[in-house]
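The values are calculated or read from the model by the stated rules, or taken from the named source; none is laboratory data. All values reported here derive from a predicted model rather than from experimental measurement. Using ideal geometry, Cβ is built from the backbone for each residue, glycine included, and neighbour counts are taken over all protein chains shown.
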C-alpha cells in the first residue's frame, strides 16, 4: 500500500496544486505522512486521476472490478484492481481515515474508504459500523461500502438494520455488502429488495442473491428477469440465476435470450444457460448463435452450447464457420467443436484451416486434434505446408498426430527448418501424442454484472 500511495501522492499533489511538505519527494515518506499527504493532495483532484489512485489501493468487488452500487466517485470512474492485503496502518491513521469520511470531497472519501478496507482491524470495523447510523446519508452509504469491501463478520447485524434506509445508496450498499460477507440472514431482505423502487437497490439485491447460494430466491429472480423495466437489473438477475445453477429458471432464461430487447441481457442469459445443466436449452442457444443480431450474444451462445457438451449440436455449430460474419464468433465456434468432440469433423471446420485468420486456423486445428478424424489429414497437410504462424503450426502437427498421420509422413517433417516442427515430428514418430506447449485456445472471459 505504501509504495502505491507514494506514487499516487506525487501525481495527485502535482495536479491538484497541493505541494508535498518541504524535504519530501513523494517517494520517501513514513506511513503516517503517506496517509495525511495523500488525502491532503486528494482535495479537488481531477476525478480520473483520483479513480486511478483509488484503484491502486487494491480492493475490488465481484467480477474483478468494483461493482459496489454507490461509491463517492461515479461508479464508471472506479475500475477495480488486484486485491491484496497491504501492511497495517497505525491506529491513529485508521482513525484519521475514518474521520476523513465526513468530508464533502468525493476523492478524499473514495481514497479514505479504500485505504480503510485494506485493514483487518476492529477499530475500522467498529468505526464503519458506528457511521451506519450517521445523520448524513452519504456517510452511511460510504460506511456500508467500506464494510462490503472489508467483509467483517461483525457487520452483519448493523447492515441488516440499514437495508431499509431512506437513502437508496445506503440500502444498495448495505445489501451488496451483505452479499459479499455471505451471511444467509441476508437472503430474505435481499429478496424483498428486488421490489425496491430504486434500480440501484434492485441490482444490488440480485447480485447479492447470486452469491448467497439460496434457491428460495429463484422465483423472484425469474420474475425480475421477465418484468423489470431496467436492463441492468434484468442482466444481474440472469447472472444470479446462472451463478445459482437454477435449472427451474432455464425456461425463463431461454425466453429472455429469445426476446429481451437489450443485447447485454440476452448475452447474460446465454451465459446463465451455459452454466445450468439443462439439456433442453441447447436448441434455444443454437438458435441464438445463428440468428441473434448482436455479435456478443451469438458468441456467448456458442460458448454455452459447448458448455452443455451435446455433440448433436456440432453440425449446427460447424455451419457457423461458413455463414458467420464475426471473426470472434467463428473462433469460438471452432473452439466449441473441439469441446463437443463429434465423431466426424464438420466440413466448415476443415475448410477453416485455409482461412486468413491465424487465430481461427489455430482453433480449428486444435479442434481437429480433439476430434481425431482421419478425413481431415489431407487438409491438415496442405495447411501445414503453407502455415506461417508458429502456434498454428504446432496445432496442425498435433492434429495430424491425433488424426492418425502415418509415420513416413511425419518423417518428412524432420527436414523442416523450424526446430519446433522437427521436435513435434519426433514426438509423433515416437508415439507421443502430445505436443508441448499444448495449444489450448479459449474464448473470452465470462461476463459478470
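Looking at (1) modelled with pLDDT of 75 or more; (2) surrounded by 20 or more Cβ atoms within 10 Å (Cβ to Cβ); (3) in a helix (DSSP H, G or I), can you tell me which one residue 70 breaks?
(3)
I'd like to check something: does region 220-227 contain any residue that is closer than 26 Å to residue 111 by Cα and free of Cβ contacts under 8 Å to residues at least 40 places away in the same chain?
Scanning region 220-227 turns up no residue that is closer than 26 Å to residue 111 by Cα and free of Cβ contacts under 8 Å to residues at least 40 places away in the same chain.
Given the condition closer than 18 Å to residue 449 by Cα, in a helix (DSSP H, G or I) and in contact (Cβ under 8 Å) with a residue 40 or more places away in the chain, answer yes or no: does some residue in region 283-293 qualify?
Taking every residue of region 283-293 in turn, none turns out to be closer than 18 Å to residue 449 by Cα, in a helix (DSSP H, G or I) and in contact (Cβ under 8 Å) with a residue 40 or more places away in the chain.
Pairs, please: C-beta under 9 Å, at least 6 apart or cross-chain, first residue free of Cβ contacts under 8 Å to residues at least 60 places away in the same chain and in region 354-365, second part of a loop (DSSP other than H, G, I, E, B) and surrounded by fewer than 16 Cβ atoms within 10 Å (Cβ to Cβ)?
358/388; 358/389; 361/389
Inside region 157-193, can you point out the residues that are modelled with pLDDT under 95 and in a loop (DSSP other than H, G, I, E, B)?
If the condition is that a residue be modelled with pLDDT under 95 and in a loop (DSSP other than H, G, I, E, B), then 182, 183 are the ones that fit.
When you scan region 290-312, how many residues do you find that are modelled with pLDDT of 95 or more and over 21 Å from the mean Cα position of the chain (by Cα)?
Selection size over region 290-312: 4.
State the number of residues belonging to region 116-134 that are within 12 Å of residue 170 (Cβ to Cβ) and either in contact (Cβ under 8 Å) with a residue 40 or more places away in the chain or not in a helix (DSSP H, G or I) (or both).
Final tally of qualifying residues: 3.
Can you find even one residue in region 325-345 that is free of Cβ contacts under 8 Å to residues at least 40 places away in the same chain, over 20 Å from residue 440 (Cβ atoms) and under 28 Å from the mean Cα position of the chain (by Cα)?
Scanning region 325-345 turns up at least one residue that is free of Cβ contacts under 8 Å to residues at least 40 places away in the same chain, over 20 Å from residue 440 (Cβ atoms) and under 28 Å from the mean Cα position of the chain (by Cα).
Here's a check for you: in region 356-404, which residue that is in contact with a helix residue (DSSP H, G or I) (Cβ under 6 Å, 6 or more places away or on another chain) and part of a loop (DSSP other than H, G, I, E, B) is surrounded by the most Cβ atoms within 10 Å (Cβ to Cβ)?
387
Consider residue 433 against the criteria (1) more than 32 Å from the chain's Cα centre (by Cα); (2) at pLDDT 85 or above; (3) surrounded by fewer than 24 Cβ atoms within 10 Å (Cβ to Cβ): it satisfies all of them except one. Which criterion is unmet?
Single failed check for residue 433: (2).
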